[in-house]
1. Which condition does residue 107 not pass, out of (1) over 21 Å from residue 68 (Cα atoms); (2) touching a helix residue (DSSP H, G or I) at 6+ places or on another chain (Cβ under 7 Å); (3) within 11 Å of the ligand (Cβ to nearest atom), if it passes all the others?
2. Could you please find all residues in segment 148-158 being surrounded by 15 or more Cβ atoms within 10 Å (Cβ to Cβ) and under 15 Å from residue 124 (Cα atoms)?
3. Please list, ordered by first then second residue, the pairs with beta carbon atoms under 7 Å, 6 or more apart or interchain, first in segment 178-199 and closer than 13 Å to residue 102 by Cα, second modelled with pLDDT under 95.
4. Output the number of residues of segment 120-147 satisfying the condition of being surrounded by fewer than 19 Cβ atoms within 10 Å (Cβ to Cβ) and either under 21 Å from residue 11 (Cα atoms) or within 14 Å of the ligand (Cβ to nearest atom) (or both).
5. If you check 117, 101, which single one turns out to be surrounded by fewer than 19 Cβ atoms within 10 Å (Cβ to Cβ), under 20 Å from residue 185 (Cβ atoms) and without any contact (Cβ under 8 Å) to a residue 60 or more places away in the chain?
6. Looking at (1) outside any helix (DSSP H, G or I); (2) closer than 25 Å to residue 182 by Cα, find the lone condition where residue 115 falls short.
7. So which of 48, 29 is surrounded by fewer than 16 Cβ atoms within 10 Å (Cβ to Cβ) and either more than 21 Å from residue 188 (Cβ to Cβ) or away from the ligand (no atom under 16 Å from the Cβ) (or both)?
8. Would you say residue 128 is out of contact with any helix residue (DSSP H, G or I) (no Cβ under 8 Å at 6 or more places or on another chain) and closer than 29 Å to residue 22 by Cβ?
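The values are calculated or read from the model by the stated rules, or taken from the named source; none is laboratory data. Computed from a predicted structure; not experimentally measured. No Cβ is skipped: glycine too gets one built from the backbone with ideal geometry, and neighbour counts run over all protein chains shown.
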Ligand code: GRF
């Protein structure tokens with residue numbers, strides 16, 4: 001399966017997919033990487049892997065809708081079977097979901113529906129939760145609201161701050177994302193309402 005991965009930062013989830021795809025038996029390969037900003041490590045990882053890498057900045061377009069159209073075209077140029085949003089910090093718009101809906105997977109560093117949004121790690125810590133984790137889900141029109149595919153639990157320790165907790169979550173998240181993307185790519189899947197069936 002052809003994967004286009006969307007990043008906004010360090011791209012360690014992307015790197016985990018690149019490393020997994022080195023094995024032909026994985027069943028998926030990254031064909032391009034997109035970001036919503038220039039100069040992020042995630043784009044450099046793509047370039048080091050010899051892959052097409054593009055930045056599609058909201059500020060580079062007359063409107064959010066124009067950005068949505070531009071991102072959709074940039075991703076469609078690589079003909080993905082699956083789009084993986086791994087640390088991509090923009091809400092994917094209606095044009096994007098019209099084109100790729102049902103084929104966009106996102107990873108979120110909390111146990112949805114708890115702590116959605118851009119600060120899931122910080123919010124779980126501030127709430128005083130004892131466990132948190134990560135969620136891999138299909139993207140729908142909401143924010144972190146699409147059908148859940150898999151989750152991983154991570155304990156919160158008294159001495160944790162946002163950075164130490166996020167690093168521990170990312171260790172679980174990278175393994176979960178690689179496992180889920182591989183299964184979706186190799187085995188196919190069916191989404192029925194909020195349930196995801198992988199044969
Ligand atoms: C991941 O934990 C993702 O869930 C969150 O930001 C982090 C991105 O990490 N939205 P990386 O860019 O993949 O290293």
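1. In the conditions (1) over 21 Å from residue 68 (Cα atoms); (2) touching a helix residue (DSSP H, G or I) at 6+ places or on another chain (Cβ under 7 Å); (3) within 11 Å of the ligand (Cβ to nearest atom), residue 107 misses (1) alone.
2. Those that are surrounded by 15 or more Cβ atoms within 10 Å (Cβ to Cβ) and under 15 Å from residue 124 (Cα atoms): 152, 154, 156.
3. 188/199
4. So the answer is 3.
5. Criteria check complete, one pass: 101.
6. The single condition residue 115 does not satisfy is (2).
7. 48
8. no
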